[in-house]
Ligand code: FES
């Protein structure tokens, strides 16, 4: 579904340094199972140098690849050098990540910072922030930092990098206020891109379900077929289909093409329909 680089695929299929370092000197535990992504990074540190690094992660292919890449990048590094690693460095190591998956590289950087802070006996600033997005437990400090570091200019980009705003959408006003505030603090006069077509995942799923129910199922059911929405992952709409509608058979259009056309017209023009394998 996602277009991954060969390096991402390779690290996902053969992740390096999986597990936990025994008697770790620094532990970074970020994300949560409830939010869909979690990463535990453990470090063995000698004379301020990372001599071993291992990870355990719960998440998608990008989360696994980002964690694996991170451990490869930091092994042998001095702490002073490792703490300069950014999420962009992790994504670059992998030859890039789909924009919707940049939050996986951010999770890697956050785990590294947490592990170094743990080693030093310090507290992370993000732990002191106020939670802005309840769905994903993201604080204002984390969001402002992502806006500054990655030059984010839209709510969609904030969601891609932090996950904030990707659920119920209730935090959108707060995210927009943070975006304006952070940009004005940086004294940069730029246009904020609040796309009117932006939808949260839940809104997108609801619209897709409405179109399937109204425009697709009636035709399929006439011929004993049906369609089921399996998943929506960014622009990818995964469906399970049965049967063939009469109008499709006449015009030699596949059901997939018909569904994709309807969804692009009525929900979002970038949607791609794929059949469940
Ligand atoms: S509170 Fe942010 S998406 Fe639900």
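Here the condition is being closer than 27 Å to residue 135 by Cα, modelled with pLDDT of 75 or more and outside the structural domain of residue 99 (by TED's automatic domain parsing); of 216, 237, it holds for 237 alone.
Does residue 126 meet the test of being farther than 30 Å from residue 45 by Cα, modelled with pLDDT under 90 and more than 16 Å from the ligand (Cβ to nearest atom)? Considered against the rule, which asks whether it is farther than 30 Å from residue 45 by Cα, modelled with pLDDT under 90 and more than 16 Å from the ligand (Cβ to nearest atom), residue 126 comes out as no. All of 100, 88 fail the test of being within 23 Å of residue 68 (Cβ to Cβ) and within 16 Å of the ligand (Cβ to nearest atom), apart from 100.
Just to be sure I understand, how many residues within the stretch 163-180 are more than 10 Å from the ligand (Cβ to nearest atom) and in contact with a helix residue (DSSP H, G or I) (Cβ under 9 Å, 6 or more places away or on another chain)? If you could, list the steps in order and put the result at the bottom.
The initial filter retains those residues of the stretch 163-180 that are more than 10 Å from the ligand (Cβ to nearest atom), namely 173, 176-180.
Keeping just the survivors that are in contact with a helix residue (DSSP H, G or I) (Cβ under 9 Å, 6 or more places away or on another chain) gives 176, 178-179.
Residues in the stretch 163-180 being more than 10 Å from the ligand (Cβ to nearest atom) and in contact with a helix residue (DSSP H, G or I) (Cβ under 9 Å, 6 or more places away or on another chain): 3 in total.
Annotation: residue 158 fulfils all but one of (1) in contact with a strand residue (DSSP E or B) (Cβ under 8 Å, 6 or more places away or on another chain); (2) outside the structural domain of residue 26 (by TED's automatic domain parsing); (3) surrounded by 23 or more Cβ atoms within 10 Å (Cβ to Cβ); the unmet one is (1).
Applying the set (1) in contact with a helix residue (DSSP H, G or I) (Cβ under 7 Å, 6 or more places away or on another chain); (2) within 12 Å of the ligand (Cβ to nearest atom); (3) touching a residue at least 60 places away in the same chain (Cβ under 8 Å) to residue 135 leaves exactly one unmet item: (1). Go through the stretch 138-155 and give me each residue that's within 16 Å of the ligand (Cβ to nearest atom), outside any helix (DSSP H, G or I) and touching a strand residue (DSSP E or B) at 6+ places or on another chain (Cβ under 8 Å). 138, 139, 154, listed by residue number.
Quick check, is residue 97 assigned to a loop (DSSP other than H, G, I, E, B) and touching a helix residue (DSSP H, G or I) at 6+ places or on another chain (Cβ under 7 Å)?
yes
Just one residue in the set 62, 32 is surrounded by fewer than 18 Cβ atoms within 10 Å (Cβ to Cβ), closer than 20 Å to residue 233 by Cα and within 14 Å of the chain's Cα centre (by Cα); that residue is 32.
The values are calculated or read from the model by the stated rules, or taken from the named source; none is laboratory data. The model shown is predicted, which means the values in this text are computed figures rather than measured ones. Cβ atoms come from the backbone with ideal geometry, glycine included; neighbour counts cover every protein chain shown.
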